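The values are calculated or read from the model by the stated rules, or taken from the named source; none is laboratory data. This one's a predicted model, so the numbers in the text were calculated from it and none came from an experiment. As a convention, Cβ positions derive from the backbone with ideal geometry for all residues, glycine included, and neighbour counts pool all protein chains shown.
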Amino acid sequence: MKSGRLLAALLAVATIALVLIGTVWPAPSAAAYAGATSMLDSSSTAEAAVGTLGDEIRAKAWEKAYSSLANKAQFTEPEFEHDLTGNYPSLLTYSTLGNFEVRPLHASASDADVQLTLHWATVVGSSPSTRTLHVIKSGDKWQVEWPIVKTPTLAPQVIPVNYLRWDVIYRGPGDDWGAQDVEAPHVRIVDMHPIERADGVVVLGELLNEDIVPAYVSVTATLLSKSQTPIATEGSFDRISHLLLPKQVTPFLIKFPNVSLSEVGSIRMTPLSGLIAASADPVIAIDNEQLHPAPGASLTGQLNNQGGQIVNVAHVLGTFYDKTGNVVWVADQYVNQALLPQTPVPFEIHIPEDLARSISSQRTVIATYSSAGSQ
Amino acid sequence: MRLRGLLLTCVAATAMTHPVLSQSTSMSMPTAVEAGKAFSISITGSGKATLYIIGLGQVLKRDVTLGQAAFFPAGSLYNAGHYLAVLAADSSAQSGEFDIIPLNKPAELSFLARPSRLPVGLHNGITGAVYVFDAYQNLITTPTAISFELTGPAGTAQKRAMETQDGSAWTSMDSTGQQGVDRFVARSGEVSSNRVVSQVPGDPCGLKMTARLSGQKLVLATDPVRDCNGNAVSDGTIVTFTESFNGGQSTVDVPLKHGVAEVQMDDHSGATISVASGIVLGNQIHWKD
């Protein structure tokens with residue numbers, strides 16, 4: 001009994017002592033996360049200068065970060081901030097910088113090139129953004145030259161838009177039970193097949209809205225064993241464009257982790273559709289799409305908002321086909337900046353290296369969200 | 001059954017307070033009565049008693065004088081079903097059973113027409129199911145003559161005549177080739193019920209585009225898009241233009257506006273341009289400046 005109390009007292013004293021030590025002499029990483037100092041040492045080296053800048057961006061210490069730049073005379077502090085977080089509401093507006101990576105590319109006694117990859121924590125997951133920074137030595141310290149990309153601003157104007165819009169009126173509570181309600185949109189799965197990946201089974205396919213009204217869609221798949229008992233049920237979640245205008249096709253991808261294809265006897269697909277109020281605006285053109293082979297296989301291109309409405313969040317979904325036209329993969333990317341009218345915004349979708357060789361064509365669709373009214 | 005047992009128990013308990021029914025007391029009632037019609041139950045004997053009529057949705061209680069008929073005016077019982085009559089006096093009770101049956105005259109049709117919207121030219125694409133009710137909302141289960149009539153946008157009518165089975169009848173009809181609104185009518189005697197069915201254009205047919213240069217841009221436009229029956233495809237339908245050039249590609253999904261889709265794309269000499277809508281492919285253009 002006595003020894004137990006002694007042990008508890010010792011543990012309490014040790015805990016208090018460790019807390020005090022941690023507060024008075026914090027570990028560099030903890031101090032950096034708290035926004036106090038850099039994990040790297042000040043600006044004594046090019047990498048340290050970039051690291052310090054990264055810490056300041058993470059702490060949203062814009063004034064401090066801006067004042068440390070070598071080329072700050074070329075732009076204002078708000079322009080620097082908007083270059084990182086966007087001028088208009090977008091994914092980055094509601095994100096924080098989770099972590100960053102510093103990678104030296106080239107160095108001499110007076111200057112260096114350093115790659116800074118910022119991993120923004122957004123509501124749809126991590127969104128990396130990479131900048132190559134030129135760092136110059138000024139006296140005994142290194143300073144970063146920020147490669148400013150000035151966000152274009154929209155000139156005040158009126159853009160006439162006369163695209164179609166659909167609204168829905170459902171039957172009322174006073175209607176006879178036999179009275180008709182508005183029909184749910186007719187959708188059809190036009191392609192579906194499973195593939196086996198290292199982390200489980202993936203069901204890929206395409207869904208068509210064959211109706212004349214917009215549809216809110218999702219797809220659920222149930223894997224059945226050879227004895228027709230259910231193994232697992234999963235949905236497409238955000239690996240699909242949920243809004244389909246008439247005759248529009250979306251790819252979908254459904255993951256079944258830790259399931260082997262050899263266990264699967266059949267698959268039960270359930271496409272779901274509902275009516276939704278929608279607009280045919282904005283039209284987003286996808287320009288200059290390029291398939292890049294492995295290594296670093298990817299699909300790149302530019303999104304061009306042809307409408308008059310600012311698109312705050314754009315979701316790019318790429319469907320990749322083999323030579324025979326079968327879907328071999330579906331990949332996506334959220335674009336972390338707003339799409340301004342007539343302003344190209346680049347995107348890059350990564351493709352698994354092992355599948356890249358079998359891809360011969362692709363098709364891209366865009367799902368958009370505008371805070372002025374979702375499409 | 002539980003409900004009936006409970007009611008009989010209650011009635012028996014109530015009867016304990018009444019005089020005993022004599023051996024000569026008996027009830028005589030019709031085996032079936034039409035809903036809402038007047039009827040009577042004749043009771044022999046002498047003295048006073050209480051008559052209970054117990055059905056699924058109704059319970060009646062009457063103080064009766066034995067030896068006289070208990071008269072129930074029109075509208076007393078109107079829910080079709082099986083009824084129990086209990087005559088209670090003192091510690092004894094007598095019971096009998098009879099049915100309330102639906103009126104043989106339809107007063108209301110519940111008509112379910114599906115779907116409310118479908119493409120043109122679908123065989124048996126429209127179904128209609130009808131349930132026949134009397135004036136008291138009882139399902140009329142005896143065979144009743146029903147006619148269905150679907151009048152298309154062009155005025156042509158498809159007709160079916162049949163009898164209900166167990167209170168219902170159904171049919172299926174074709175959507176015609178012309179888009180517009182169908183009028184779908186179910187009729188029984190003087191009673192009818194109307195529904196509308198919208199016939200919408202089908203998939204685009206013979207999708208064709210043309211290209212022309214306008215400044216630095218290539219203007220692509222479809223001819224008016226129609227389905228295989230010649231109906232104009234609805235505005236808002238997505239048409240996809242794809243321009244392939246030197247390993248690159250540009251794509252735009254454009255909604256139809258006033259029957260055509262039009263877009264401006266970058267001018268790439270030697271590009272192959274294709275057009276599609278849903279799963280329907282249109283023509284291809286090999287563009288040269």
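Within the range B:246-265, restricting attention to residues that are part of a strand (DSSP E or B) and more than 9 Å from chain A (Cβ to nearest Cβ), the residue that is surrounded by the most Cβ atoms within 10 Å (Cβ to Cβ) is B:VAL260. Pull up the range A:316-366, narrow it to residues that are in a strand (DSSP E or B) and among the hydroxyl-bearing types (Ser, Thr, Tyr), then point me to the one that is farthest from the other protein chains (Cβ to nearest Cβ). Per the stated criteria, the residue is A:TYR334.
Does A:ALA184 satisfy being farther than 30 Å from A:THR343 by Cα, within 14 Å of chain B (Cβ to nearest Cβ) and modelled with pLDDT of 80 or more?
Values: farther than 30 Å from A:THR343 by Cα: yes; within 14 Å of chain B (Cβ to nearest Cβ): yes; modelled with pLDDT of 80 or more: yes.
Taking the combined requirement at face value, the residue satisfies it.
Let me confirm something: among A:THR343, A:THR324, A:THR270, which residue is more than 20 Å from B:ALA276 (Cβ to Cβ), among the β-branched types (Val, Ile, Thr) and at pLDDT below 95? Can you show your working first?
Numbers: A:THR324 fails: more than 20 Å from B:ALA276 (Cβ to Cβ); A:THR270 fails: at pLDDT below 95.
Testing whether each residue is more than 20 Å from B:ALA276 (Cβ to Cβ), among the β-branched types (Val, Ile, Thr) and at pLDDT below 95 leaves just A:THR343.
With the condition kept exactly as written, say whether any residue in the range A:196-215 is within 30 Å of B:SER193 (Cα to Cα), without any contact (Cβ under 8 Å) to a residue 40 or more places away in the chain, within 14 Å of another protein chain (Cβ to nearest Cβ) and aliphatic (A, V, I, L, M). Checking the range A:196-215: at least one residue is within 30 Å of B:SER193 (Cα to Cα), without any contact (Cβ under 8 Å) to a residue 40 or more places away in the chain, within 14 Å of another protein chain (Cβ to nearest Cβ) and aliphatic (A, V, I, L, M). Please tell me if A:GLY174 is of a type outside the set (Asp, Glu) and at positive phi. No. The residues on offer are A:ARG131, A:ARG165, A:ARG103, and the sole one that is of a type in the set (Lys, Arg) and within 14 Å of chain B (Cβ to nearest Cβ) is A:ARG165. On the phi < 0 side of the Ramachandran plot and not assigned by TED's automatic domain parsing to the domain that holds B:SER188, is that true of B:HIS82? Yes.
Among the residues making up the range B:266-289, those that are under 19 Å from B:GLY215 (Cβ atoms) and within 10 Å of chain A (Cβ to nearest Cβ) are B:ASP266, B:HIS268.
Restricting attention to the range A:129-152, which residues are hydroxyl-bearing (Ser, Thr, Tyr) and either over 17 Å from A:PHE75 (Cα atoms) or surrounded by fewer than 11 Cβ atoms within 10 Å (Cβ to Cβ) (or both)?
Of the residues in the range A:129-152, the ones hydroxyl-bearing (Ser, Thr, Tyr) are A:129-130, A:132, A:138, A:151.
A:SER129, A:THR130, A:THR132, A:SER138 - these are the residues of the range A:129-152 that are hydroxyl-bearing (Ser, Thr, Tyr) and either over 17 Å from A:PHE75 (Cα atoms) or surrounded by fewer than 11 Cβ atoms within 10 Å (Cβ to Cβ) (or both).
Let's see how each residue does on (1) among the aromatic types (Phe, Trp, Tyr); (2) more than 14 Å from chain A (Cβ to nearest Cβ):
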residue: B:VAL64; (1), (2): no, yes
residue: B:PHE72; (1), (2): yes, yes
residue: B:PHE98; (1), (2): yes, yes
residue: B:LYS105; (1), (2): no, yes
residue: B:LEU122; (1), (2): no, no
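Scan the range A:199-210 and tell me whether some residue there is surrounded by fewer than 18 Cβ atoms within 10 Å (Cβ to Cβ), small (Gly, Ala, Ser) and closer than 30 Å to A:SER260 by Cα. Steps first, answer last, please.
Of the residues in the range A:199-210, the ones surrounded by fewer than 18 Cβ atoms within 10 Å (Cβ to Cβ) are A:199-200.
Then keep just the ones that are small (Gly, Ala, Ser); that gives A:200.
Still in the running and closer than 30 Å to A:SER260 by Cα: A:200.
Yes: the range A:199-210 contains one or more residues that are surrounded by fewer than 18 Cβ atoms within 10 Å (Cβ to Cβ), small (Gly, Ala, Ser) and closer than 30 Å to A:SER260 by Cα.
The set of residues from the range A:290-316 being within 26 Å of A:THR151 (Cα to Cα) and out of contact with any Phe, Trp or Tyr (no Cβ under 9 Å at 6 or more places or on another chain) comprises A:GLN290, A:SER298, A:ASN304, A:ASN305, A:GLN306, A:GLY308, A:GLN309. Considering only residues that are modelled with pLDDT under 65 and not hydroxyl-bearing (Ser, Thr, Tyr), which ones fall in the range B:9-53? Of everything in the range B:9-53, those that are modelled with pLDDT under 65 and not hydroxyl-bearing (Ser, Thr, Tyr) turn out to be B:CYS10, B:VAL11, B:ALA12, B:ALA13, B:ALA15, B:MET16, B:HIS18, B:PRO19, B:VAL20, B:LEU21, B:GLN23. Scanning the range A:236-289 for residues that are within 18 Å of A:THR222 (Cα to Cα), within 14 Å of chain B (Cβ to nearest Cβ) and of a type outside the set (Ser, Thr, Tyr) yields a single hit, A:PRO251.
Hey, could you check the range A:212-232 for residues that are among the polar types (S, T, N, Q) and over 25 Å from the mean Cα position of the chain (by Cα) and say which is surrounded by the most Cβ atoms within 10 Å (Cβ to Cβ)?
Just the residues of the range A:212-232 that are among the polar types (S, T, N, Q), to begin with: A:218, A:220, A:222, A:225, A:227-229.
Then drop every residue that is not over 25 Å from the mean Cα position of the chain (by Cα), which leaves A:222, A:225, A:227-229.
Numbers: A:THR222: 17, A:SER225: 12, A:SER227: 6, A:GLN228: 9, A:THR229: 8.
Only one residue tops the list, namely A:THR222.
Filtered by the rule that a residue be over 16 Å from A:ARG188 (Cα atoms), touching a residue at least 40 places away in the same chain (Cβ under 8 Å), among the hydroxyl-bearing types (Ser, Thr, Tyr) and in a strand (DSSP E or B), the range A:231-285 gives A:SER266, A:SER279. In the condition set (1) surrounded by 18 or more Cβ atoms within 10 Å (Cβ to Cβ); (2) without any contact (Cβ under 8 Å) to a residue 12 or more places away in the chain, B:ASN138 is compliant with all but (2). Checking the range A:8-29 against the condition returns no match, with no residue being at pLDDT below 85, touching an Asp or Glu at 6+ places or on another chain (Cβ under 8 Å), farther than 13 Å from A:GLN143 by Cα and not in a helix (DSSP H, G or I). Looking at the range A:66-81, is at least one residue at pLDDT below 90, under 16 Å from A:TRP142 (Cα atoms) and touching a helix residue (DSSP H, G or I) at 6+ places or on another chain (Cβ under 6 Å)? No, there is no match, as no residue in the range A:66-81 is at pLDDT below 90, under 16 Å from A:TRP142 (Cα atoms) and touching a helix residue (DSSP H, G or I) at 6+ places or on another chain (Cβ under 6 Å). Of all the listed residues (B:GLY36, B:GLY47, B:GLY55, B:GLY96), the sole one being surrounded by 15 or more Cβ atoms within 10 Å (Cβ to Cβ), touching a residue at least 40 places away in the same chain (Cβ under 8 Å) and closer than 17 Å to B:ILE140 by Cβ is B:GLY36.
Considering the range B:152-179, the residues that are within 13 Å of chain A (Cβ to nearest Cβ) and either of a type in the set (D, E, K, R) or part of a strand (DSSP E or B) (or both) include one that is nearest to B:HIS123 (Cα to Cα), namely B:TRP170.
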